[in-house]
Amino acid sequence: MLASVASDVGRVREANEDYYCLCQLMTGCRPVLMAVADGMGGFEAGEVASRLAVEETRRWLEVHAGGGEDLQCALATACAAANERVYRVALDTFGYSGMGTTLTAALWAADRLVLAHVGDSRAYLVRKGRLQRLTADHSVVGAMVQNGELGEREAMRHPQRNLLTKALGTEPRLNIDIAEHAVCDGDIIVMCTDGLTNLVASEEILEAINGCRDLAGLGDQLVEMANARGGNDNITVLVAGIGRAGGGDGV
Amino acid sequence: MIGQKLGGRYELVAKIGGGGMALVYRAHDNVLNRPVAVKVLRPQFATDEDFLRRFRREAQAAASLSHQNIVSIYDVGNDGDTHYIVMELIDGRTLKERIQEGKPLPVVEALDIAYQICEALEHAHQNRIIHRDIKPHNIMLTRNSKVKVTDFGIARAMTSATLTHTGTIIGSVHYFSPEQARGGLTGAKSDLYSLGVVLYEMLTGTLPFQGESAVTIALKHMHERVVPPRSLNLTIPLDVDRLVMRALEKNQLERYASAGDMMADIGRCLAKVRAPAGAQIAPDPPGPSPLPPRRVEKSPPRATEARARTRSEPAPARPTEDEDEEELPVARRKTRPWVAVLLVLLVLSALGAAGAYLVWDWLNVPTLEVPDVTGMVYLQAQHVLRDRGLTAEQVANRYDDQVPANYVIEQIPEPGTLVRKGRSVKLVVSLGLPLAVVPDLRGVNERDANVRLISSGLALGNITYEYHPEIPEGAIISQSLPSGTRVGTGTLVDVRVSLGPEARVVVVPDFRGQQVNEVLQRLAGLHLQEGEVHQEYSDQPLGVVTRQLPEPGDEVLEGTEVELWYSKGPVTPPNQKTIRFLVPTDRDNDTAVVVEWILYDTAGASVIYKGVHMGGQEVTRTVRWYGAQALLQIKVGDRVWSEQILTPTP
């Protein structure tokens, strides 16, 4: 596996409320966990929410996902646990009320990719030079795009594009999107927060990937693109190449 | 001694060998009229009565053994001072000579020899005879690859006294079991250990332990770990490696329980190694397709040839085949020219026959089944294929995380396919685990270490946390594998993560009774910080510390703030009044508010009460003030809610 992650505060914000994780779990079938989260809520709360959501998901998987077979169930439960944790902390801690976060998390093992998703961060799959979006935005604008009322470019400029219909940690119980995809050698997974997708269109992401010889620099390259266009939000990009051989040594 | 007749019966013909203890002669038994071997004890032993008695007893016991893998003892006797043993004469050489040819023996040959030694040992052990001196010098290989073990029990006759001046001990100590080296009780399992050493030597061409003196070697047998034979010779299969290591266990309990046990295991390994070759013999008559009689005739010798080949190099079997080929043309040449016409006709027909034969031969190259060589070491696969008349061709190498390096991963054609003899089998050979380069993790945090490791095909292993004076909290101090190292993918890299500089604990001294200014100056030196400083009336002299927080003797972290109160002189009895305050209710917002009471009197301003309350709650406090009048200000949140002048009640 070849992967890169870049997370940048952007050009406008003062703090980075995005959080990410890319690690191999040592339990069960030893899947790789990839996650990005975009926190919301003023004064540190956004940072706390995104971090809490990702770390709680990871912690839950590390402690409980020993069985390994049922990746979908494991990831769904982990996200539910993370939701409850963020919700509790928001409720119990002065100043954190109302905080929440997006969470797009994937578990990859062999040829399976299980994806959990809440909010407007995104996951894409690039296979044989073609881009496929794996997640639907849980936002007002996202719903409009899905209904065909808006195009992607228009959505990127829509003033209400930040209004989420669903976020992790804002309700005690949450319906999380869970999906499983078959992956194979050579596939590339891209996960990112809206700091990228509001400024860089999906076909541009694909172009960057197709024109890129080294995945290791891709994260930074995409972040630079977003920053060059104003960087009005935090930008986090996680790119992972699916493959058995590591370190570019594979045959 | 040549020409001498021992016991009036055994005529010594020639010296054929000798050890530290005896000389061996080829002799002729004049009574039974057969060739025998006679072992004559060296004269220095012939004077040791004690030794002679034991020597004879052991030889007689050994004579009771009758087994195809044990050199038979025919007679034990003496002719005057010449003591001798008469034995079966073996036409062959010792295993020592075979090993000294150089190169390690092929695995199959080594296992076959060990198997036969085991058979001999099993028989002896069942008859309660322990060999005690198993070594290649005592193992004979006959011309037809039969193993014969000799000198059963003789070692026992030797005492430590006799051993010292023989020199044989130097050779034997290499094969000594730890218990023998220690001088402890020896038993059947000691023989199995020695056999393990012999097998080790056959497989690797070297001895498990080397040393300058017998003592060093003996000590090594007792204490040092054996280098697994497979690490010296990659063609040794894992099972065989395990077998040898088990025989070489220092603890007798860990070794094979018996020679039979070990024999069974060797047999299993042998079957595994031979499996491809054995499978070749079975499908020899390939169905009803008629083969020319010439070839059918040849198949029986081929079966024996396959057997012979497993024991020695493939070479010796080949010449017979070539001789066969040679004979035919010779026979044809015998056709004598009677008449010219006849000759021409004959030549023509011969040519035609030869041509027809050639075409026929070309069309009928024997087909054979491709053996399964996947999972074998490449060298072994090469052998197996060559033995079958196929050639191995290494067409590719590939990293593989399942198959270790040098093992065959894939083959084309697949096993079981029928192909012509001589065809090449393409092999894909493993390069082992794909290698990954360990990235530099120092200074990065745990999360980014994960990213870097995954990108390199590795993963994060154990994390230990520790204090570090320079490296900031959360950053990695060091990693278990240095950056730049090439390791197999999936390797776990352990890291040590800094907890930052160690937080040291300070015991807070008692500042009470000291001047506040002096105390404040001392705080920095004590690694404590200045906190809030308050004044209060007290009986203490002016400027003296009256109270402190944390209290004296408390253990606190470095840098903790210390709050101090100091005296502003003696007290005059204060005026006092009880004040009630109803916390106002906010119409829109039912949240808690901070209520603060501030008293302005002759002592200055001081917060006398601070608390969080819900609207509607009542706060009652007795307020004490100095001087005639005081002002009480009550704040709710940031707003001053009320102010009242306090005067003493009459």
#### Entry: Dipole of region B:466-541, positive end: most advanced residue of B:Ile477, B:Thr489, B:Val507 [Cβ charges, Cα centre]
B:Thr489
## Note on the structure
With label points set 7 Å from each Cα along the Cα-to-Cβ direction at B:Glu414 and B:Leu219, the distance between them in nm comes to 6.0
### Task
Might you report the magnitude of the Cβ-based charge dipole of the protein assembly as shown about its Cα centre, with Lys and Arg at +1 and Asp and Glu at -1, to the nearest 20 debye?
4640
### Task
May I ask which of B:Lys39/B:Lys220; B:Lys5/B:Lys135; B:Lys15/B:Lys96; B:Lys15/B:Lys148 have a Cα-Cα span longer than 23 Å here?
B:Lys39/B:Lys220; B:Lys5/B:Lys135
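Using 1/(1 + (r/R0)^6) with R0 = 30 angstrom and r between the beta carbons of A:Glu207 and A:Gln146, what's the FRET efficiency to the nearest 0.05?
Details: r = 24 Å, r/R0 = 0.80.
E between A:Glu207 and A:Gln146, to the nearest 0.05, is 0.80.
Fewest to most neighbouring Cβ within 10 Å: what's the order for B:Asp554, B:Asp50, A:Asp137? Show your work: numbers first, answer last.
On the way: B:Asp554 14, B:Asp50 11, A:Asp137 25.
Arranged by neighbour count, lowest to highest, B:Asp554, B:Asp50, A:Asp137 become B:Asp50, B:Asp554, A:Asp137.
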### Task
Find the centroid of the Cα atoms in region A:13-56 and in region A:202-242, then give the distance between the two in whole Å.
19
### Message
Counting only other chains, and only Cβ atoms inside 10 Å, what mean value do you get across the residues of A:13-24?
### Response
3
### Query
Taking 0.36 nm per residue of separation and subtracting the Cα-Cα distance, what length does fully extending B:Asn78 through B:Glu101 add?
4.6 nm
### Query
Quick one: putting +1 on the C-beta of Lys and Arg, -1 on the C-beta of Asp and Glu, what dipole do you get for region B:203-275 around its Cα centre, in Debye to the nearest 20?
180
### Query
Taking amide H positions as placed 1.01 Å from N in the peptide plane, with prolines and chain starts having none, which residues 5 or more places from A:Ala3, or on another chain, fall under 5 Å of its amide H?
A:Gly241, B:Ser455
### Summary
In deg cm²/dmol, rounded to the nearest 500, the helical mean residue ellipticity at 222 nm of the protein assembly as shown, built from -39500 (n - 2.57) for every DSSP H run of length 4 or more, is -10000 deg cm²/dmol
### Query
Considering only DSSP states other than H, G, I, E and B, which trypsin sites (Lys or Arg not before Pro) in region B:581-650 qualify as loop sites with at most 15 other Cβ atoms within 10 Å?
B:Arg587
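Region A:47-151: which chymotrypsin sites (Phe, Trp or Tyr not before Pro) are DSSP loop and have at most 16 other beta-carbon atoms within 10 angstrom?
Values: sites: A:Trp60, A:Tyr87, A:Phe94, A:Tyr96, A:Trp108, A:Tyr124; in loops: A:Phe94, A:Tyr96.
In loop regions of region A:47-151 (DSSP not H, G, I, E or B), the sparsely surrounded chymotrypsin sites (Phe, Trp or Tyr not before Pro) are A:Phe94.
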### Query
From the residues A:Gly169, B:Thr591, A:Met26, which one has its Cα farthest along the dipole of the protein assembly as shown in the positive direction, the dipole being from +1 and -1 charges on Cβ of Lys/Arg and Asp/Glu about the Cα centre?
A:Met26
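Can you give the % of DSSP beta bridges in the protein assembly as shown that are antiparallel, to the nearest 5? Walk me through the numbers before you get to the answer.
On the way: 137 of 157 bridges.
Percent antiparallel among DSSP bridges in the protein assembly as shown is about 85.
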### Query
Once a ≥ b ≥ c are taken as the square roots of the eigenvalues of the Cα gyration tensor of region A:1-120, is the result rounded (a/c under 1.5), prolate (a/b larger than b/c) or oblate (a/b not larger than b/c)?
oblate
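With +1 on each Lys and Arg Cβ and -1 on each Asp and Glu Cβ, and nothing else charged, work out how big the dipole of region B:567-646 is about its Cα centre, in Debye to the nearest 20.
Working: 9 positive and 8 negative charges, 74 e Å.
Once rounded to the nearest 20, the dipole reads 360 debye.
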### Task
Give me B:Val40, B:Val227, B:Val506 ranked fewest to most by other Cβ atoms within 10 Å of their Cβ, as a rough exposure proxy.
B:Val227, B:Val506, B:Val40
### Message
Taking the beta-carbon count within 10 Å as an exposure proxy, list B:Ser177, A:Ser139, B:Ser483 from fewest neighbours to most.
### Response
B:Ser483, A:Ser139, B:Ser177
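So, R0 is 60 Å and r is the distance between the beta-carbons of B:Gln644 and B:Asp510; what FRET efficiency does that work out to, to 0.05?
Using R0 = 60 Å, I get an efficiency of 0.90.
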### Message
Just checking the output field for B:459-471: average partner chain Cβ neighbours within 10 Å of each residue's Cβ?
### Response
1
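Cβ under 15 Å from B:Asn251's Cβ, B:Asn251 left aside: what net charge do those residues give with Lys, Arg +1 and Asp, Glu -1? Before the final figure, lay out the partial values.
Details: positive: B:Arg182, B:Lys189, B:Arg225, B:Arg246, B:Lys250, B:Arg255; negative: B:Glu179, B:Glu224, B:Glu249, B:Glu254.
Net charge in that neighbourhood comes out at +2.
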#### Entry: Packing rank of B:198-208, B:388-398, where each peptide gets the mean count of other beta carbons within 10 Å, highest leading
B:198-208, B:388-398
### Query
How long are the semi-axes of the ellipsoid equivalent to the protein assembly as shown, from square roots of 5 times the Cα gyration tensor eigenvalues, in whole Å, largest first?
90, 46, 19
### Summary
Semi-axes a, b, c in Å (a largest) for region B:497-590, each sqrt of 5 times a Cα gyration tensor eigenvalue, come to 33, 26, 9
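Inside 10 Å of the C-beta atoms of B:425-432, what's the mean count of C-beta atoms belonging to other chains? Please list the in-between numbers first.
Details: counts 0, 0, 0, 0, 0, 0, 2, 0.
Taking all residues of B:425-432 together, the mean is 0.
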#### Entry: region A:144-251 - Rg and Dmax from Cα coordinates, angstrom
16.5, 49
### Query
Picking from A:Met1, A:Ala53, A:Val36, whose Cα lies most toward the positive end of the charge dipole for region A:1-85 (charges on Cβ: Lys, Arg +1; Asp, Glu -1)?
A:Met1
### Query
Assuming R0 = 22 Å, what is the FRET efficiency of B:Gln68 and B:Ala264, from their Cβ-Cβ distance, to the nearest 0.05?
0.75
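No lab work stands behind these numbers, since they all come straight from the coordinates. Bear in mind the structure is a predicted one, so any value in this text is a computation, not a measurement. Ideal geometry is used to build each Cβ from the backbone, glycine not excepted, and the neighbour counts take in all protein chains shown.
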